[in-house]
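Here's the structure, in structure tokens; my notes come after.
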Amino acid sequence: MRISLLDRSRTRAGRDEQAGLVDSVERAVAAEQLGYHRFWVAEHHTVPGIASGAPAVLLAAIGQRTERIRLGSGGVMLSNHRPLVVAEQFLMLEALTPGRIDLGLGRSLGFTAPVREALGRTEASTEDFAAEVGQVRDLLEGAAPLTARPVAAEPPPMHLLATGAGLGIAARLGLGVVLGGPVLHADDVGERVAAYRREFRPHRGSAPHVMVSMDLLVADDDAEARELALPEVWAMVRSRGTGAFPPLEDPARICEQDLTSRERDRVEKGLERAWAGSPATLRPRVERVLEATGADELLAAGATFDRAALAGSDARIVQLLG
């Protein structure tokens with residue numbers, strides 16, 4: 001079981017957004033030392049709690065500080081970009097850090113109408129997305145009418161974030177998939193993955209590859225882990241009330257606030273669903289999902305306010321499943 005990290009460049013109350021990007025680079029350096037297989041970064045636009053809207057730029061910075069760990073995107077939202085530009089960016093990364101680059105693609109548009117309008121696209125059909133994924137692949141492989149440069153001897157492998165029709169598209173194109181969010185709790189998740197493997201059409205020798213993404217946070221005991229999960233849960237609760245996803249707050253400050261009964265209920269439900277706990281609590285929960293999906297790899301994606309505690313959790317995840 002390979003273990004990898006997804007970092008969303010979460011910002012923290014009291015620290016500027018530049019610090020959030022520095023934190024991502026430092027976390028990648030530590031992840032390499034801990035033996036993680038990959039370190040991926042995300043794309044979000046004009047979100048107050050997330051500093052990175054340009055995965056390729058952040059990956060270039062991380063590539064200069066690391067030597068072995070694979071680097072990639074989880075993911076580039078293809079609907080926001082032209083296929084040629086995405087291919088050029090990741091071919092450039094491959095040239096600068098050869099043999100270490102992955103391209104993860106998703107189809108999400110901006111979170112709000114003004115963001116979608118600013119990005120220049122307000123809708124994207126499943127058919128459009130599948131066609132554009134194919135265009136990116138052709139450009140990476142030198143099979144398109146135009147030659148994307150720099151030309152790579154071996155193009156970066158591609159993965160799709162499996163939301164909606166993502167599993168079917170990935171199977172048809174012979175690409176790896178990333179499963180996360182509510183789909184992991186679906187009763188038919190095993191059947192969906194089995195269909196992906198069954199319908200998979202190899203491309204240039206590719207084979208089915210399933211990554212499972214969980215917002216894992218591991219601590220010595222469940223109470224400590226619950227505290228680590230609180231900042232992200234509270235950010236989600238606040239976003240439902242304000243429409244904005246805020247920076248992570250100190251758990252002590254959150255507990256001091258006068259929450260409404262609805263907010264308290266939502267916080268409690270969020271903590272119950274969180275992938276947070278001691279090794280003894282989390283191991284059977286994680287193993288059930290890995291067994292149900294037949295996953296080839298775990299992509300841990302947790303975040304919390306305390307950076308030292310997050311580093312400790314990253315180390316415990318390797319011990320938990322390594």
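Quick check: is even one residue across region 98-107 among the aliphatic types (A, V, I, L, M) and open to solvent by 20 Å² or more (accessible area, probe 1.4 Å)? Taking every residue of region 98-107 in turn, none turns out to be among the aliphatic types (A, V, I, L, M) and open to solvent by 20 Å² or more (accessible area, probe 1.4 Å).
Screening 189, 151, 183 for residues that are out of contact with any His (no Cβ under 8 Å at 6 or more places or on another chain), surrounded by fewer than 21 Cβ atoms within 10 Å (Cβ to Cβ) and under 21 Å from residue 86 (Cβ atoms) leaves exactly one candidate, 151. Within this structure, residue 54 fails the test of being under 29 Å from residue 155 (Cβ atoms) and either open to solvent by less than 10 Å² (accessible area, probe 1.4 Å) or touching a residue at least 12 places away in the same chain (Cβ under 8 Å) (or both). Of the helices (runs of 4 or more DSSP H) lying entirely inside region 221-312, those carrying at least 3 residues that are touching a Leu at 6+ places or on another chain (Cβ under 7 Å) are 222-242, 279-293. Candidates 78, 71: the one that is farther than 19 Å from residue 20 by Cβ and either in contact (Cβ under 8 Å) with a residue 40 or more places away in the chain or open to solvent by less than 50 Å² (accessible area, probe 1.4 Å) (or both) is 78.
Let's see how each residue does on (1) within 17 Å of residue 308 (Cα to Cα); (2) under 21 Å from the mean Cα position of the chain (by Cα):
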{"residue": "199", "(1), (2)": "no, no"}
{"residue": "209", "(1), (2)": "no, yes"}
{"residue": "222", "(1), (2)": "no, no"}
{"residue": "228", "(1), (2)": "yes, yes"}
{"residue": "233", "(1), (2)": "no, yes"}
{"residue": "238", "(1), (2)": "no, no"}
{"residue": "258", "(1), (2)": "no, no"}
{"residue": "268", "(1), (2)": "no, no"}
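All of (1) open to solvent by 70 Å² or more (accessible area, probe 1.4 Å); (2) touching a strand residue (DSSP E or B) at 6+ places or on another chain (Cβ under 8 Å); (3) not small (Gly, Ala, Ser) hold for residue 255 with one exception: (2). Checking 6, 59 one by one, the residue that is open to solvent by less than 60 Å² (accessible area, probe 1.4 Å), in contact (Cβ under 8 Å) with a residue 40 or more places away in the chain, outside any helix (DSSP H, G or I) and touching a Gly at 6+ places or on another chain (Cβ under 8 Å) is 6 and no other. Inclusion of residue 318 among residues that are more than 18 Å from the chain's Cα centre (by Cα) and among the hydrophobic types (A, V, I, L, M, F, W, C) is not warranted. Within region 9-19, being open to solvent by less than 40 Å² (accessible area, probe 1.4 Å) and touching a residue at least 60 places away in the same chain (Cβ under 8 Å) holds for 10, 11, 12.
Yes/no per residue for (1) touching a strand residue (DSSP E or B) at 6+ places or on another chain (Cβ under 8 Å); (2) farther than 23 Å from residue 50 by Cα; (3) among the charged types (D, E, K, R); (4) touching a residue at least 24 places away in the same chain (Cβ under 8 Å):
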| residue | (1), (2), (3), (4) |
| --- | --- |
| 99 | no, yes, no, yes |
| 103 | yes, no, no, yes |
| 113 | no, no, no, no |
| 131 | no, yes, no, no |
| 158 | yes, yes, no, yes |
| 169 | yes, yes, no, yes |
| 175 | yes, yes, no, yes |
| 183 | no, yes, no, no |
| 191 | no, yes, yes, no |
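Only one of the numbered conditions (1) in contact with a helix residue (DSSP H, G or I) (Cβ under 9 Å, 6 or more places away or on another chain); (2) of a type in the set (Gly, Ala, Ser); (3) surrounded by fewer than 19 Cβ atoms within 10 Å (Cβ to Cβ) is violated by residue 125, and that is (1).
Among the residues of region 225-249, the one identified as open to solvent by 20 Å² or more (accessible area, probe 1.4 Å), farther than 15 Å from residue 263 by Cα and of a type in the set (Gly, Ala, Ser) is 244. Looking across region 9-25, the residues that are under 15 Å from residue 61 (Cα atoms) and either touching a Cys at 6+ places or on another chain (Cβ under 6 Å) or not aliphatic (A, V, I, L, M) (or both) come down to 9, 18, 20, 23, 24.
If you go through region 25-35 and keep only what is open to solvent by 10 Å² or more (accessible area, probe 1.4 Å) and either part of a loop (DSSP other than H, G, I, E, B) or under 30 Å from residue 118 (Cβ atoms) (or both), you end up with 25, 27, 35. The residue of region 269-306 that is farthest from residue 10 (Cα to Cα), among those that are acidic (Asp, Glu) and open to solvent by 10 Å² or more (accessible area, probe 1.4 Å), is 291.
The values are calculated or read from the model by the stated rules, or taken from the named source; none is laboratory data. Computed from a predicted model, the values in this text were never measured in an experiment. Quick reminder, even Gly has a Cβ in these numbers, built from the backbone with ideal geometry, and neighbours come from all protein chains shown. With ligands, DNA and RNA removed, areas are computed over all heavy atoms of the protein, side chains included. Shrake-Rupley method; radii C 1.70, N 1.55, O 1.52, S 1.80 Å.
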